[in-house]
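Engineer: Dropping a structure here in structure tokens format, bear with me for questions.
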Amino acid sequence: MSTMPQAPDPHGDDAAAHHGRRHPTVRHVHKDLNESPFIVIWEVTRACQLVCKHCRAEAQKTAAPGQLTTEQGKDLLRQLAAYDKPRPLVVFTGGDCFEREDLVELTEYGCLLGLAVSISPSVTPLFTRERLEALKAAGARAMSVSLDGARAETHDAFRGFAGTFDKTLEAAALIKDVGFRLQINTTFTKKTIREAPQMLKNAIEMGAFMWYLFLLVPTGRGAQLEALDPDEREDVMHWLHDVSDRIAIKTTEAPQYRRVALQREAAAERGVPHDELAEPAKRGELYHWLTAETTKLLGEHAPKPRPPRPPLAINSGSGFAFVSHLGDVYPSGFLPIKVGNVKERPFAELYRDTEVMQELRTPSLFGGTCGVCEFNHVCGGSRSTAYALTGDHLAEDPTCAYTPEAAKSGSGV
């Protein structure tokens with residue numbers, strides 16, 4: 001499975017920096033997320049030649065019977081283009097989207113409709129300059145590759161084939177050379193997290209415009225891997241906030257990063273050192289190790305600090321939607337609750353009107369601490385992780401280390 005590149009954002013508060021205004025700490029989409037998603041991921045095929053350990057899709061060697069045809073895919077793109085501006089960002093992923101022979105045709109069609117289309121392929125023999133140039137000419141704007149280890153040994157073991165680390169470095173250089181915006185995707189697990197500072201250095205040296213971090217959701221093949229525990233996740237998110245002046249950071253299935261950004265801003269305004277933030281009272285060993293290793297590799301401060309990219313307040317079913325290779329619609333690719341199929345019902349209705357989607361946009365329905373948390377309007381916990389660990393998409397996210405004020409006072413939970 002590949003993960004998604006992020007195109008330039010026409011929806012949120014990014015434009016503030018270009019007009020001399022202060023960056024928001026957390027961005028809110030300038031549209032009603034009850035009506036329209038911010039981003040739609042289309043798994044154009046489940047075919048892929050890799051066997052990645054964390055694969056959500058449990059990809060297979062050949063396309064599955066029943067995947068959307070070219071014409072059905074174009075119909076989906078027309079539906080997405082029918083939204084009022086700003087229209088949803090669209091990402092073609094997989095499996096390996098390069099397994100579709102009509103990928104260039106679909107890309108060109110979507111771009112001609114006025115959609116911002118990004119591509120998230122796997123690094124296989126199908127990844128060629130000729131293919132990239134055709135997609136760039138068709139109008140695609142950004143492309144991602146995954147780097148899940150700082151060393152060939154780690155990454156190749158994660159991806160299931162020897163040589164993929166070196167090929168990924170070559171692919172990243174080719175993406176930049178052809179003129180795409182490059183995004184590096186990384187999944188963190190207990191076994192790989194100690195390589196994160198070197199992966200950060202790699203992403204910077206590769207010229208990536210964004211480092212896109214996945215906190216492992218135990219679903220698909222990823223259920224076999226070891227996820228970070230709550231305190232480790234908290235340490236990682238504070239570290240990511242620290243390094244966000246070195247490269248743009250985006251997280252998936254870690255909405256707590258938005259809560260951390262707000263806490264850190266509030267602490268800075270009070271003059272409180274961030275490591276004195278409550279819950280936990282002090283940052284853990286992992287945070288201090290990551291910080292020390294980053295300083296050793298990159299120096300104590302960024303040589304040319306950039307304004308941190310404010311995280312975007314969207315979540316599964318709330319600004320985010322996933323369309324499978326068969327046309328099934330889900331709140332996200334990691335939350336396997338099907339709400340319908342675009343062959344049978346318009347996408348807009350499935351996103352707007354179905355019960356599960358509406359529930360996911362109502363944080364007061366969330367269980368436990370997530371339901372009473374003062375940050376649930378920007379966080380809400382990972383709904384995918386809650387479902388994977390409890391079987392309930394509205395349950396408390398068990399991987400969050402934060403205790404809300406309402407829970408401390410006993411007035412909530």
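The values are calculated or read from the model by the stated rules, or taken from the named source; none is laboratory data. Only a predicted model underlies this, so the values are computations on that prediction, with no experimental measurement involved. Neighbour counts are summed over all protein chains in view; Cβ atoms, including those assigned to glycine, are modelled from backbone coordinates with ideal geometry. Ligands, DNA and RNA are excluded from the accessible area calculation, which covers all protein heavy atoms including side chains. Shrake-Rupley method; radii C 1.70, N 1.55, O 1.52, S 1.80 Å.
Engineer: Would a scan of region 397-410 turn up a residue that is more than 23 Å from the chain's Cα centre (by Cα), assigned to a loop (DSSP other than H, G, I, E, B) and surrounded by fewer than 20 Cβ atoms within 10 Å (Cβ to Cβ)?
Structural biologist: Yes, there is a match, as at least one residue in region 397-410 is more than 23 Å from the chain's Cα centre (by Cα), assigned to a loop (DSSP other than H, G, I, E, B) and surrounded by fewer than 20 Cβ atoms within 10 Å (Cβ to Cβ).
Engineer: Which of (1) under 17 Å from Asn34 (Cβ atoms); (2) in contact with an Asp or Glu (Cβ under 8 Å, 6 or more places away or on another chain) does Gly371 not meet, given it meets every other one?
Structural biologist: If we test Gly371 against (1) under 17 Å from Asn34 (Cβ atoms); (2) in contact with an Asp or Glu (Cβ under 8 Å, 6 or more places away or on another chain), just (1) comes out false.
Engineer: Looking for something open to solvent by 30 Å² or more (accessible area, probe 1.4 Å), at pLDDT below 95, among the hydrophobic types (A, V, I, L, M, F, W, C) and closer than 30 Å to Tyr387 by Cβ - is there at least one such residue anywhere in region 279-294?
Structural biologist: No.
Engineer: Scan region 352-362 for residues that are in a helix (DSSP H, G or I) and within 20 Å of the chain's Cα centre (by Cα) and jot them down.
Structural biologist: Scanning region 352-362 gives Met357, Leu360.
Engineer: Could you run through region 105-132 and say how many residues are within 21 Å of Ala173 (Cα to Cα), among the hydrophobic types (A, V, I, L, M, F, W, C) and open to solvent by 10 Å² or more (accessible area, probe 1.4 Å)?
Structural biologist: 3
Engineer: Among all residue pairs at least 6 apart or on different chains, which show Cβ distances below 6 Å where the first residue, located in region 119-141, is in a loop (DSSP other than H, G, I, E, B) and the second is of a type in the set (Lys, Arg)?
Structural biologist: Cβ pairs passing all conditions: Val123/Lys167.
Engineer: Determine whether Thr385 is of a type in the set (Ser, Thr, Tyr) and in contact with a helix residue (DSSP H, G or I) (Cβ under 6 Å, 6 or more places away or on another chain).
Structural biologist: In short, no.
Engineer: Just name the residue that is most open to solvent (accessible area, probe 1.4 Å) out of those in region 148-171 that are outside any helix (DSSP H, G or I) and in contact with a Phe, Trp or Tyr (Cβ under 8 Å, 6 or more places away or on another chain).
Structural biologist: Going through region 148-171, the residues outside any helix (DSSP H, G or I) turn out to be 148-151, 160-163.
Going one step further and asking which of them are in contact with a Phe, Trp or Tyr (Cβ under 8 Å, 6 or more places away or on another chain), we end up with 148-149, 151.
On the way: Asp148: 1, Gly149: 0, Arg151: 113 Å².
Here the answer is Arg151.
Engineer: Got a sec? Which of Leu174, Leu200 is of a type in the set (A, V, I, L, M, F, W, C), modelled with pLDDT of 90 or more and open to solvent by 10 Å² or more (accessible area, probe 1.4 Å)? Working first, answer last.
Structural biologist: Details: Leu200 fails: open to solvent by 10 Å² or more (accessible area, probe 1.4 Å).
Unique residue meeting the criteria: Leu174.
Engineer: Is it the case, given these coordinates, that Lys53 is open to solvent by 20 Å² or more (accessible area, probe 1.4 Å) and either outside any helix (DSSP H, G or I) or modelled with pLDDT under 95 (or both)?
Structural biologist: So Lys53 passes the test.
Engineer: Next question. Kindly evaluate Thr354 against the criterion of being hydroxyl-bearing (Ser, Thr, Tyr), modelled with pLDDT of 95 or more and open to solvent by 40 Å² or more (accessible area, probe 1.4 Å). Let's see the steps before the verdict.
Structural biologist: On the way: hydroxyl-bearing (Ser, Thr, Tyr): yes; modelled with pLDDT of 95 or more: yes; open to solvent by 40 Å² or more (accessible area, probe 1.4 Å): no.
Judged against the criteria, Thr354 is not a match.
Engineer: Can we say Thr186 is outside any helix (DSSP H, G or I), closer than 20 Å to Gly95 by Cα, over 20 Å from the mean Cα position of the chain (by Cα) and polar (S, T, N, Q)?
Structural biologist: no
Engineer: Among the residues of region 134-147, which ones are touching a helix residue (DSSP H, G or I) at 6+ places or on another chain (Cβ under 6 Å) and surrounded by fewer than 19 Cβ atoms within 10 Å (Cβ to Cβ)?
Structural biologist: The answer is Ala134, Lys136, Gly139.
Engineer: Still on this model: Could you please let me know if Lys176 is in contact with a Gly (Cβ under 7 Å, 6 or more places away or on another chain), touching a residue at least 12 places away in the same chain (Cβ under 8 Å) and over 24 Å from Trp289 (Cβ atoms)?
Structural biologist: Here the answer is yes, as Lys176 does meet what is asked.
Engineer: Name the pairs: first residue in region 285-303 and at positive phi, second residue of a type in the set (A, V, I, L, M, F, W, C) and surrounded by 14 or more Cβ atoms within 10 Å (Cβ to Cβ), Cβ to Cβ under 7 Å, at least 6 apart or on different chains?
Structural biologist: Nothing qualifies.
Engineer: Moving on to the next point. Taking region 304-351, which residues are touching a helix residue (DSSP H, G or I) at 6+ places or on another chain (Cβ under 9 Å), part of a helix (DSSP H, G or I) and surrounded by fewer than 18 Cβ atoms within 10 Å (Cβ to Cβ)?
Structural biologist: Ala348, the sole residue that qualifies.
Engineer: Take the residues in region 70-115 that are more than 20 Å from the chain's Cα centre (by Cα) and among the β-branched types (Val, Ile, Thr); name whichever of them is farthest from Arg131 (Cα to Cα).
Structural biologist: Thr70
Engineer: In region 374-382, is there at least one residue being aliphatic (A, V, I, L, M) and open to solvent by 30 Å² or more (accessible area, probe 1.4 Å)?
Structural biologist: No - not one qualifying residue is present in region 374-382.
Engineer: Could you say whether any residue in region 5-21 is modelled with pLDDT of 55 or more, within 21 Å of the chain's Cα centre (by Cα) and open to solvent by 10 Å² or more (accessible area, probe 1.4 Å)?
Structural biologist: no
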